[in-house]
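Visitor: This is the structure, below, for whatever I ask next.
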Amino acid sequence: MRITLHIWRQRNANDAGKMVRYELPNVNHEMSFLEMLDVLNEDLIAKNEEPVAFDHDCREGICGMCGCMVNGMAHGPLPGTTLCQLHMRHFKDGDELYLEPWRAKAFPVVKDLVVDRTAFDRIIAAGGYISVATGSAPDGNAVMVPKEDAERSMDAAACIGCGACVAMCPNAAAALFTGAKIAHLGLLPQGQPERQQRAIAMVAQAKQELFGSCTNMGLCEAVCPKEIKLEVIARMNGDFIRASLSGR
Amino acid sequence: MELNSKSPSGPIETRWERHRFNLKLVNPSNKRKYTIIVVGSGLAGGSAAASLAELGYNVHCFCFQDSPRRAHSIAAQGGINAAKNYHNDGDSIYRLFYDTVKGGDFRARESNVYRLAGISLNIIDQCVAQGVPFAREYSGYLDNRSFGGAQVSRTFYARGQTGQQLLLGAYQALERQIGLGAVKMFPRTEMLDLIVVDGRARGIVTRDLITGKIESHFADAVVLGTGGYGNAYYLSTNAKGCNATAIWRAHKRGALFANPCFTQIHPTCIPVSGEYQSKLTLMSESLRNDGRVWVPAKKGDKRAPSQIPEGERDYFLERKYPSFGNLVPRDVASRNAKAACDEGRGVGETGLAVYLDFRDAIQRLGASVIKERYGNLFDMYNRITGEDPYSQPMRIYPAMHYTMGGLWVDYNLMSNVPGLYVIGEANFTDHGANRLGASALMQGLADGYFVLPNTIGDYLASNKFEKVDASHAAAREAEANVNQITQRLLGAKGKRSVDSYHRELGKIMWEHCGMARNAEGLKQALALIPPLREQYWSDVRVLGTGEDLNQSLEKAGRVADFFELAELICRDALDRNESCGGHFREEYQTPEGEAARDDEHYAYAAAWEFQGVGQPPLLHKEPLTFEYVHPSQRSYK
């Protein structure tokens, strides 16, 4: 099938950037989306044109490295799916696709579709952990965790840190990402001692990174490839408010 | 060269304890004066960097991805083994040790494996304390399952995302240390050379992948936790970025490379669909618990699977291995699938696949039970292939998955280059010739959390370190080397892309040094690879510059190293005239077609010394002795 791509090309952070049109006359419907970009890049190299830079690694939907906007949707049109797991059979002959990098002040464009997401790492470094030095842990079964709590914690822990939530949010908020970590650790007994401090520190860091505030639009939930639920944001807000009231 | 494994003697149960006691310690207040470089941020590198920083060392950690959380440990699905015996089903440290030595087909070091089995207990404790959301029973206690044919339930898991959750645990511990200023993190920074000063590893040369800046970093010890080299085969279950550059360039600086031919093929992967295929996706081998593997009995039978009557199907694993059936080990399942396809009985468009059929299990148990057990895997299969495994059989084919070989290390995890430590999949020690399911995560974390932090202090406390900086001749030479490689790749201005060469190399490797090998094929590969490598250097086309993000240039350097490594893999495979574990030489099999080991001549680790590109490497042997687990022949009939 024939696909027309319009791809954001930007040499580096200082370049203005622009959309460039590419024609792909022979796209196999069994290809993954990224394999289609591989084919485009091979074509470009053959024509002595620099290939399109895009982030990707595991191509199994778990590393969180890939992702771009496809016709305004983070990771493309298929719900619960990272860009690498999206296949061309979901498109039709003659489709025109507009590919853009994640757009957010906290995610500056590095090149073409590649952005800098280290702000997420700094949010985790601010408090997204349980402080336990190697060697000091009690027996694994000394801490019991109700099955339901473990499952809900795992639901939140499934976040892959891809940044789609930020890219889709009109406020470029990192609430789903931050809330997911706060919910993951806050639902476990091990995470209780640092629970309030964690919420304060992580929320403050997100603000410092210039992520916006959450206004409950829910677009993040709609595009999250791991289907993290909005309720993690409610948990974050709850922890944050409790911590603020108790003066921590 | 004398290979001293520093493996302790005496009763195996107390070897690690006695060894630790004999190691020198670094005074706590002096630890901050030592700098340690950790390359790689997966389960091994991430856990090591965090733990070393907790001890007080000054740590610099490097990864090529945009964040340490991306490392490919994240993709491990099944679980992590630990000899907790929570199920009272007869498990013990000794049994895990025994299973690992036997599963490795008697090509691993007993002392290391016993230590690994013992530490497995601490790993689970540590990960639970970090908040890894392991599966729980209704009581709130940890759940276990049996995995990969093990007869005890010792595998801990977090849904099908165990690797992800364990990695996030290590990553969070690492980020905590970064936040505290104890670790300086260098993401999107790739190690391109090792700096060796007076015979000791003292630093690395890196390229900043965004600015292209080539820079030297110095330390008192260098730790490589950079994973395996499965991508030498182009198509593998590894992430696209996985590469052997760090270990290979360290090898070229003198570190011995051990058992490169010990590679593991995973039997249940989604088959190749076309020439554009960029990687292969693994599906947990738990699928073989209920799925039946078959191909049409007749050659070239192109009917849809539902049109092939029962009598015209060949359930070849059940037929050949009546007692283990579809649950034979990975290597046996893989080889038999290949044999069926080689006979022209493969299925699907390419003929390079066999069926994994759930029809009978669905009839017996109902679709809801199958959905509960494998729902996420069925969804994944459906997403990739567009086919529904509830109504038609899956198509599967084996794929390159894990590499047991790696840089040679002693019991302290130090290579033969003093001050260079190698951990996780990047080293060679614990899995022998074949790795058991759910043991990779265990080894990566054992090395990073518990072994290295204990052993590295001995080296630091026993040596004096004069200051080294970028003006040192060794650093200047290493930087010049890296610059020269970059310029050569950019300057070739040839006709073909990096990927086209990588794909061609991969095909040679898969064809001649894949699931089954023979002397003739290996010699052919050794005749094909060097001229292709030469052509690569003069004909590769890398566009753009070295001064900004250039993904083609990154790949080009890695593929250059795969060319050299591929040659070594084939040499090692040709040199090892026996079949063992993942290394199956067709000339050496039992009358039943099983791997025939030759313990008399090959009970050693083959550690190769680099002698120059295209020059035959020098073989050093570390003899392996088995005082506890006595070598026996595997049988799954």
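The values are calculated or read from the model by the stated rules, or taken from the named source; none is laboratory data. None of these values were measured; they are calculated from a predicted model. When we count neighbours, we look across all protein chains shown, and the Cβ atoms used for this are built from the backbone with ideal geometry, even at glycine.
Visitor: Could you list, in sequence order, all residues of region B:115-150 that are free of Cβ contacts under 8 Å to residues at least 24 places away in the same chain, more than 8 Å from every other protein chain (Cβ to nearest Cβ) and among the polar types (S, T, N, Q)?
Guide: Listed by number, the list holds a single entry, B:S146.
Visitor: If we scan region A:28-35, do we find a residue that is outside any loop (DSSP other than H, G, I, E, B), among the hydrophobic types (A, V, I, L, M, F, W, C), surrounded by fewer than 21 Cβ atoms within 10 Å (Cβ to Cβ) and more than 9 Å from chain B (Cβ to nearest Cβ)?
Guide: no
Visitor: Right, another one. Looking at region A:52-63, I want the residues that are more than 7 Å from chain B (Cβ to nearest Cβ) and have a partner that is surrounded by 24 or more Cβ atoms within 10 Å (Cβ to Cβ) and part of a loop (DSSP other than H, G, I, E, B) with Cβ atoms under 6 Å, at least 6 apart or on another chain. Which pairs are those?
Guide: A:V52/A:D112; A:F54/A:L113; A:G61/A:T82
Visitor: Let me ask something else. On the basis of being within 14 Å of another protein chain (Cβ to nearest Cβ), within 20 Å of the chain's Cα centre (by Cα), in contact (Cβ under 8 Å) with a residue 60 or more places away in the chain and not in a loop (DSSP other than H, G, I, E, B), does B:A44 make the cut?
Guide: yes
Visitor: If we scan region B:102-110, do we find a residue that is touching a residue at least 24 places away in the same chain (Cβ under 8 Å), more than 11 Å from chain A (Cβ to nearest Cβ) and either at positive phi or hydroxyl-bearing (S, T, Y) (or both)?
Guide: Yes; the residues of region B:102-110 include at least one that is touching a residue at least 24 places away in the same chain (Cβ under 8 Å), more than 11 Å from chain A (Cβ to nearest Cβ) and either at positive phi or hydroxyl-bearing (S, T, Y) (or both).
Visitor: Looking only at region B:191-199, decide whether some residue is in the same structural domain as B:H72 (by TED's automatic domain parsing), among the acidic types (D, E) and surrounded by fewer than 22 Cβ atoms within 10 Å (Cβ to Cβ).
Guide: yes
Visitor: In region B:1-46, what residues are in the same structural domain as B:A221 (by TED's automatic domain parsing) and among the small types (G, A, S)?
Guide: The answer is B:G40, B:S41, B:G42, B:A44, B:G45, B:G46.
Condition check ((1) among the hydroxyl-bearing types (S, T, Y); (2) outside any loop (DSSP other than H, G, I, E, B); (3) on the phi > 0 side of the Ramachandran plot) across all residues:
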residue	(1), (2), (3)
B:D572	no, yes, no
B:E587	no, no, no
B:H601	no, yes, no
B:A607	no, yes, no
B:P616	no, no, no
B:H620	no, yes, no
B:F626	no, no, no
B:P631	no, no, no
B:Y636	yes, no, no
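Visitor: Hey, another quick one. Considering only region B:362-382, I want to know if a residue exists there that is on the phi < 0 side of the Ramachandran plot, surrounded by 15 or more Cβ atoms within 10 Å (Cβ to Cβ) and assigned to a loop (DSSP other than H, G, I, E, B).
Guide: No, region B:362-382 contains no residue that is on the phi < 0 side of the Ramachandran plot, surrounded by 15 or more Cβ atoms within 10 Å (Cβ to Cβ) and assigned to a loop (DSSP other than H, G, I, E, B).
Visitor: Right, next: What tally of residues in region B:47-59 results from selecting those that are surrounded by 24 or more Cβ atoms within 10 Å (Cβ to Cβ) and either without any contact (Cβ under 8 Å) to a residue 40 or more places away in the chain or away from every other protein chain (no Cβ under 12 Å) (or both)?
Guide: Residues in region B:47-59 being surrounded by 24 or more Cβ atoms within 10 Å (Cβ to Cβ) and either without any contact (Cβ under 8 Å) to a residue 40 or more places away in the chain or away from every other protein chain (no Cβ under 12 Å) (or both): 2 in total.
Visitor: Quick one: which of B:D220, B:D198, B:D208, B:D193 is without any contact (Cβ under 8 Å) to a residue 24 or more places away in the chain, closer than 29 Å to B:H620 by Cα and of a type in the set (D, E, K, R)?
Guide: Unique residue meeting the criteria: B:D198.
Visitor: Turning to a different aspect of this structure: When you scan region A:72-92, how many residues do you find that are out of contact with any Lys or Arg (no Cβ under 9 Å at 6 or more places or on another chain), assigned to a loop (DSSP other than H, G, I, E, B) and within 12 Å of another protein chain (Cβ to nearest Cβ)?
Guide: Total satisfying the criteria: 1.
Visitor: Here's a follow-up. Take B:G419 and tell me if it is under 23 Å from the mean Cα position of the chain (by Cα) and at pLDDT below 95.
Guide: Against the criterion (under 23 Å from the mean Cα position of the chain (by Cα) and at pLDDT below 95), B:G419 does not qualify.
Visitor: Turning to a different aspect of this structure: Select from region B:293-345 the residues that are in a helix (DSSP H, G or I) and of a type in the set (S, T, N, Q) and write down the one among them that is surrounded by the most Cβ atoms within 10 Å (Cβ to Cβ).
Guide: B:S334
Visitor: On to the next question. Keeping to region A:115-142, report how many residues are small (G, A, S) and in a loop (DSSP other than H, G, I, E, B).
Guide: 6
Visitor: In region B:240-285, which residue that is under 30 Å from B:S146 (Cβ atoms) and hydroxyl-bearing (S, T, Y) is surrounded by the most Cβ atoms within 10 Å (Cβ to Cβ)?
Guide: Among those residues, the one meeting the criterion is B:T263.
Visitor: Sticking with this structure for a sec: In region B:217-255, which residues are in a helix (DSSP H, G or I) and in contact with a helix residue (DSSP H, G or I) (Cβ under 6 Å, 6 or more places away or on another chain)?
Guide: B:A232, B:Y233, B:T245, B:I247, B:W248
Visitor: Go through A:N12, A:N41 for me and flag whichever is in contact with a Leu (Cβ under 9 Å, 6 or more places away or on another chain) and within 20 Å of B:L543 (Cα to Cα).
Guide: Being in contact with a Leu (Cβ under 9 Å, 6 or more places away or on another chain) and within 20 Å of B:L543 (Cα to Cα) holds for just one of A:N12, A:N41, which is A:N12.
Visitor: Which numbered condition trips up B:Q535, out of (1) within 14 Å of chain A (Cβ to nearest Cβ); (2) not in a loop (DSSP other than H, G, I, E, B)?
Guide: Unmet for B:Q535, out of (1) within 14 Å of chain A (Cβ to nearest Cβ); (2) not in a loop (DSSP other than H, G, I, E, B): (1).
Visitor: Quick one: in region B:167-188, of everything that is surrounded by fewer than 24 Cβ atoms within 10 Å (Cβ to Cβ) and part of a strand (DSSP E or B), which residue is nearest to the other protein chains (Cβ to nearest Cβ)?
Guide: So, considering only residues that are surrounded by fewer than 24 Cβ atoms within 10 Å (Cβ to Cβ) and part of a strand (DSSP E or B), the one nearest to the other protein chains (Cβ to nearest Cβ) is B:M185.
Visitor: While we're looking at this one, here's another question. Can you tell me which condition A:Q190 does not meet? The list is (1) more than 30 Å from A:V70 (Cα to Cα); (2) away from chain B (no Cβ under 14 Å), and all the others hold.
Guide: (2)
Visitor: Looking only at region B:134-175, which residues are among the basic types (K, R) and within 20 Å of B:D290 (Cβ to Cβ)?
Guide: Result: B:R145, B:R159.
Visitor: Would it be correct to say that B:Y602 is farther than 23 Å from B:H401 by Cβ, at pLDDT 95 or above, within 24 Å of the chain's Cα centre (by Cα) and among the hydroxyl-bearing types (S, T, Y)?
Guide: For B:Y602, the condition - farther than 23 Å from B:H401 by Cβ, at pLDDT 95 or above, within 24 Å of the chain's Cα centre (by Cα) and among the hydroxyl-bearing types (S, T, Y) - is met.
Visitor: Across region A:151-173, what is the total count of residues that are within 20 Å of B:D66 (Cβ to Cβ) and within 8 Å of chain B (Cβ to nearest Cβ)?
Guide: Number of matching residues: 3.
Visitor: Looking at region B:592-637 only, could you name the residues that are in contact with a Leu (Cβ under 7 Å, 6 or more places away or on another chain) and in contact (Cβ under 8 Å) with a residue 40 or more places away in the chain?
Guide: B:A603, B:A605, B:A606, B:A607, B:W608, B:E609, B:P617, B:H620, B:E622
Each row is one residue, and each column tells you yes or no for (1) part of a helix (DSSP H, G or I); (2) surrounded by fewer than 24 Cβ atoms within 10 Å (Cβ to Cβ); (3) touching a helix residue (DSSP H, G or I) at 6+ places or on another chain (Cβ under 6 Å).
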{"residue": "B:G90", "(1), (2), (3)": "no, yes, no"}
{"residue": "B:R95", "(1), (2), (3)": "yes, yes, no"}
{"residue": "B:Y98", "(1), (2), (3)": "yes, yes, no"}
{"residue": "B:K102", "(1), (2), (3)": "yes, yes, no"}
{"residue": "B:R115", "(1), (2), (3)": "yes, no, yes"}
{"residue": "B:P133", "(1), (2), (3)": "no, no, yes"}
